[in-house]
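The structure appears right after this line, and notes come after that.
The values are calculated or read from the model by the stated rules, or taken from the named source; none is laboratory data. The model shown is predicted, which means the values in this text are computed figures rather than measured ones. Reconstructed Cβ throughout: ideal geometry from the backbone, glycine too, with neighbour counts over all protein chains shown.
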Amino acid sequence: METPHTEHLSSADFEHVYAPAEDSFLLLDALEADLEFLDTLQPRLCLEIGSGSGVIITALAKRFAHSALCLATDLNPRACDATKRTAIHNATLDSIRCNLADAIRKRSVDLLLFNPPYVVTSDEELQSQLLTDCQTVTGTPATQRHLVHSWAGGRDGRRVTDILLGQLDEILSPNGVLYLLLLRENKPDEIIEQLIQSHFKAVKYMERRIPGEYLYILKVTRSIS
Ligand SMILES: C[S@@+](CC[C@H](N)C(=O)[O-])C[C@H]1O[C@@H](n2cnc3c(N)ncnc32)[C@H](O)[C@@H]1O
């Protein structure tokens, strides 16, 4: 898959939108490595939750938009705008501002991607960071708050991930697949165990050590698909 052009995004954009980094590229690499499976899956609806700059869903749209509807969601309006601009330069997709997959028809997503806010913070710290940014006196407090949503994950870095996993049965289509980025501190083995209890199959599909972090891509399908 081709990495999309991002020259249209400036450093000013990245003051408000998560800049593609090692984690983003690991997710892209996992999709690239699993293209044979994805070609067999023939996804009709692809969704990236939390698309940020839009590089991942755009790369996917370049490959699958001829046969699939590609959508992106993000809480951050600046990320929705950046995703649209990245797409305009590269591919066809739509970007929706909403929480997780709230705006998407139930059990319809064939290919789901999420690089969540995964950094471990205490819940108090998460709350206070959000409040501090909300209360910034000058500048653009709302968008700074949105940038905190890019990385701050609360206890075990899993506050948002756990909510998504609790909704997975309602989001994925019968043959749907999720590629989820995790950090070692997110306790991937515990997540895999929980998914098995909920009748999913989950494997560590790819892993990579980067400076200061150890990252995984979890591949999740229904156990009877
Ligand atoms: C780590 S960044 C990943 C951005 C992009 N996908 C990438 O890999 O470069 C996480 C993104 O998720 C978004 N986000 C966080 N919580 C969300 C939620 N509940 N619903 C939708 N998007 C969310 C953030 O605004 C941010 O853009």
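Structure notes:
- Members of the stretch 6-23 that are more than 13 Å from ALA82 (Cβ to Cβ) and of a type outside the set (A, V, I, L, M): GLU22, ASP23
- Under the condition of being within 15 Å of TRP151 (Cβ to Cβ) and crowded, with 19+ Cβ neighbours inside 10 Å, the residues counted in the stretch 2-23 number 5.
- Subset of the stretch 25-80 [away from the ligand (no atom under 16 Å from the Cβ) and β-branched (Val, Ile, Thr)]: THR40
- Residue among LEU168, LEU180, LEU218 that is closer than 25 Å to GLN42 by Cβ, within 13 Å of the ligand (Cβ to nearest atom) and touching a residue at least 24 places away in the same chain (Cβ under 8 Å): LEU180
- Listed by position, the helices (runs of 4 or more DSSP H) inside the stretch 25-118 whose residues that are within 22 Å of ASP169 (Cβ to Cβ), aromatic (Phe, Trp, Tyr) and modelled with pLDDT under 95 number at least 1 form an empty set.
- Counted residues, the stretch 42-62 - those being touching a residue at least 60 places away in the same chain (Cβ under 8 Å) and buried (at least 20 other Cβ atoms within 10 Å of the Cβ): 7
- Within the stretch 24-36, the set of residues being of a type outside the set (A, V, I, L, M), surrounded by fewer than 16 Cβ atoms within 10 Å (Cβ to Cβ) and touching a residue at least 60 places away in the same chain (Cβ under 8 Å) comprises just one member, ASP29.
- Residue in the stretch 175-188 that is modelled with pLDDT of 95 or more, basic (Lys, Arg) and outside any helix (DSSP H, G or I) present: yes
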